[in-house]
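Visitor: Let me begin by handing over the structure; questions about it come next.
Please treat every number below as a calculation from the coordinates, not as lab data. Predicted model only: the values in this text are computed from it and were never measured. Glycine also receives a Cβ, built like all others from the backbone with ideal geometry; neighbour counts cover every protein chain displayed.
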Amino acid sequence: MSTHVVRLPEAQLQPLLAAYNASVRSRRRHTLLILACVVVAMLLASVSAEVSLSKLAENIHRFPSYIVRLFFLENGQPVWTDLSEWFWGLPRWLRLLGETLLMAYVGTVLGAGVAFVLAFLAAANVAPSRWLRIVVRRFGEVCRTVPTLVLALIFVISFGLGPMAGVLAVIVHTFGVLTKLFAEVIENIDMKPVEGVSSTGSPWHVVMRFGALPQVMSNFTSYTLLRFEINVREAAVMGFVGAGGIGQDLVEAIRKFYYSDVSAILVLILLTVAVIDMLTSKARHRLIGLEGKA
Amino acid sequence: MSSVRQRYPEHFQRFGRDRFVMAAIGFGLFALLIYAMGRLGFFDGTLLSGLGRLFEIVGLMLPPDPGSWAHVKIYSISLLETVAIALLGTLSAAVLALPVALLAARNVTAQRIVRFLSRRSLDTIRSVDILVWALIWINVVGLGPFAGALAIMTADIGSFGKLFSEAIEAADRKPVEGITSTGGSHILGIRFGILPEVFPVLMSQILYYFESNTRSASIIGIVGAGGIGLHLAEAIRTLELQQTSFIVLMILVAVAAIDFLSSKLRFAMIGRRGGVAV
């Protein structure tokens, strides 16, 4: 069996081929130009960031050796040979971890609570007043753009060292992020139930309660649970600026070169975060499953 | 009405079992909240006295004022440094994460053990906070912005590796099959079958991270890894509150500008519909 490929006559083929080559060439040029821009930007940035590859090459061996060093005790033995020595501060660290979790919990619940109310004022389709909406939106934007640690630093001045400053920072940031997410959820709802309820002459809050709330509740819960996961991580570093939680001991151990303490605290944090992630993702899947059944 | 009630008793029950369970959970969560607030010192007066001082401090912060032109110059330079740290960290992380992501993607790497190892190492990298990476890199290359760039790079390899491998796994298999059917090798299949398809997604993720890294880069200075965070922490600790609010304002403007630019670039590259899956 032989196949016959139809081939255009040379005279017709030439211009087509030329056009194809030209288009490929122009795309290549385009890509190269973008690549050149990126490379130039990288070079300028590396001047500004004092990048020195020679310094890196000279010292890079310290990175793996630091990581390895984390897993050896003061007496030169690997950490797993003497668990009680490795986790010598366990009671104190567990207490601080508990404090971290409480900070994340209170921060998430209170932040989400405020966001829950304000999101209805910030959503374009249900907001009662245009000015209020703009004010709430801008306020939320500021709250979520100021980095959490900066907020914590400012709160530490006014509330003193301790978990209070950290919780407030988490609350403010959570509020900023969730107001935006919640408002977006509300903007995507089906407006028919809302119209139905408002056609009965009900006041605004009743319309929201029976028209909008049932549609958004599961999404809200899911976003809040996700935020809780993130807040546990955030609360764990609040101690870096003295705002409570396990971060205080971690940063002290790193600064004072207590290598085995660093790894012990990191292991505890990683385990806690992993367990929390697992639990919340289970809860979220149950929630989605429930919704699927209904 | 009563016949309807008899036919559908479950719809007329006032408190079903589900409702009872929900109420119990809600009550438990509320009790935990109150307990936690008590433990964290919400009820012992710290909150009220602190709030008074907070208002005082916010009052002292206004209006934002850098103090002198010399300060403005220093702050602008370190703001540029912050953006440079974010740019370097993001791009180098993207370049380094791509091969790892290929190793971690199911449709590229057949060996289960390689995939498992690369995934677990990405998970571990991701779960260590960027500030911890910064402190570790400071031990290696010394204080300064270079350590910051390396910290952002390390932390982002973890996130990019995960996001990229997910994007690669979501890619359509047909182009790869087409290339393999013409006799192309596995590598060629990846190069011409998968990469062109996932490239726009990767670009939009990189741009998104560039923006969020600018925010991270502005705080790693607090632990000494360069950028504007150093000046910010100093201004707060020495209670130069007007300078503090000026620096915060500068960061907000810079982040907003980068947000604007990166969303423009993203739309130019992938069209309006391409969203970021984060």
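Visitor: Using the charge dipole of chain A (Lys, Arg: +1 at Cβ; Asp, Glu: -1 at Cβ; taken about the Cα centre), state which of A:VAL156, A:HIS173, A:PRO78 has its Cα farthest towards the positive end.
Guide: Comparing the listed Cα positions along the dipole, A:HIS173 ranks first.
Visitor: Post the alpha-carbon centroid distance, the stretch A:264-286 to the stretch A:94-163, in whole angstrom.
Guide: So the two Cα centres are separated by 23 Å.
Visitor: Can you sort A:THR145, A:THR108, A:THR221, A:THR179 by how many other beta carbons sit within 10 Å, fewest first?
Guide: Sorted ascending by nearby Cβ count, the order is A:THR221, A:THR145, A:THR108, A:THR179.
Visitor: Show that you can apply the helix-only estimate: for chain B, add -39,500 (n - 2.57) for every DSSP H stretch of four or more residues, divide by all residues, and state [θ] at 222 nm to the nearest 500.
Guide: -25500 deg cm²/dmol
Visitor: Okay, next question. Mind pulling up the Rg/Rh value for the stretch A:1-137? Radius of gyration and Kirkwood radius, both on Cα.
Guide: 1.31
Visitor: Percent of Cα-Cα pairs more than 19 Å apart in the stretch B:67-117, please.
Guide: When all Cα pairs of the stretch B:67-117 are counted, 55 percent exceed 19 Å.
Visitor: Would you mind counting up the charge near B:LEU60? Only other residues with Cβ under 12 Å from its Cβ, with Lys and Arg at +1 and Asp and Glu at -1.
Guide: -2
Visitor: Something else about it: Per-residue HN-Hα couplings for the stretch B:198-206, Karplus 6.51 cos²θ - 1.76 cosθ + 1.60 at θ = phi - 60°, whole Hz, x for Gly and Pro?
Guide: Here the 3J(HN,Hα) series is 8, 3, x, 4, 4, 4, 5, 5, 4 Hz.
Visitor: Using alpha carbons only, how many angstrom separate the centre of the stretch B:28-43 from the centre of the stretch B:160-211?
Guide: 48
Visitor: Then there's this: Suppose a student asked you for the relative contact order of chain B, using Cα pairs under 8 Å spaced at least 6 residues apart; what percent would you report?
Guide: 24
Visitor: Output wanted: per-residue J couplings in Hz (rounded whole) for the stretch A:30-36, from phi through Karplus 6.51 cos²θ - 1.76 cosθ + 1.60, θ = phi - 60°, x for Gly and Pro.
Guide: Residue by residue, the stretch A:30-36 yields 4, 4, 4, 4, 4, 4, 4 Hz.
Visitor: With a ≥ b ≥ c the root eigenvalues of the C-alpha gyration tensor of the stretch A:1-62, is it rounded (a/c under 1.5), prolate (a/b larger than b/c) or oblate?
Guide: Oblate shape, in that a/c is at least 1.5 and b/c is the bigger or equal ratio.
Visitor: Is the shape of chain B rounded, prolate or oblate, going by the alpha carbon gyration tensor and its root eigenvalues a ≥ b ≥ c, with a/c under 1.5 for rounded and a/b larger than b/c for prolate?
Guide: Oblate is the answer for chain B, as a/c is 1.5 or above yet b/c matches or exceeds a/b.
Visitor: Which residue fluctuates most in the GNM of chain B (Cα springs below 10 Å): B:TYR208, B:TYR75, B:TYR35?
Guide: Greatest mean-square fluctuation among the candidates belongs to B:TYR35.
Visitor: A further question on this structure: How big is Rg to Rh over the stretch B:76-154, alpha-carbon atoms, Rh as the Kirkwood inverse-mean-distance radius?
Guide: 1.09
Visitor: So, one more: Would you mind checking the pairs A:LYS180/A:LYS256; A:LYS55/B:LYS264; A:LYS180/B:LYS162; A:LYS282/B:LYS162 and listing those with alpha carbons more than 32 angstrom apart?
Guide: Over 32 Å Cα-Cα: A:LYS180/A:LYS256; A:LYS55/B:LYS264.
Visitor: Using only DSSP helix segments of four residues or longer, with each worth -39500 (n - 2.57), what per-residue ellipticity at 222 nm results for chain A after dividing by its residue count and rounding to 500?
Guide: The helix-only estimate for chain A comes to -26000 deg cm²/dmol at 222 nm.
Visitor: So which residue, out of A:VAL142, A:VAL232, A:VAL38, gets the largest mean-square fluctuation from a GNM of chain A using Cα contacts under 10 Å as springs?
Guide: Fluctuation is largest for A:VAL38.
Visitor: In whole Hz, what ³J(HN,Hα) sequence does the stretch A:164-178 give by Karplus (6.51, -1.76, 1.60; θ = phi - 60°), x for Gly and Pro?
Guide: 4, 4, x, 4, 4, 4, 4, 4, 4, 5, 4, 4, x, 5, 6
Visitor: Give me Rg over Rh for the stretch A:168-257, both radii from the alpha carbons and Rh done the Kirkwood way, two decimal places.
Guide: Here the Rg-to-Rh quotient is 1.26.
Visitor: Given H placed 1.01 Å from N in the peptide plane, which residues other than close sequence neighbours of A:LEU73 have an amide H under 5 Å from its amide H?
Guide: A:VAL79
Visitor: Here is a follow-up. For B:ARG106 and A:LEU44, FRET efficiency with R0 = 60 Å and r from the beta-carbon atoms, rounded to 0.05?
Guide: My answer for the efficiency is 0.95.
Visitor: Tell me, what is the percent relative contact order of chain A, built from C-alpha pairs under 8 Å that lie six or more residues apart?
Guide: 21
Visitor: Now for a separate question. Roughly speaking, what % of Cα-Cα pairs in the protein assembly as shown are separated by over 48 Å, rounded to a whole number?
Guide: Tail fraction, whole percent: 20.
Visitor: While we're looking at this one, here's another question. I want to verify a result. In a Gaussian network model of chain B, Cα cutoff 10 Å, which of these has the top mean-square fluctuation: B:LEU135, B:LEU62, B:LEU51?
Guide: Top of the fluctuation ranking is B:LEU51.
Visitor: Now a separate question. Does chain A come out rounded, prolate or oblate, given a ≥ b ≥ c as the square roots of the eigenvalues of its C-alpha gyration tensor, rounded meaning a/c under 1.5 and, failing that, prolate meaning a/b above b/c?
Guide: oblate
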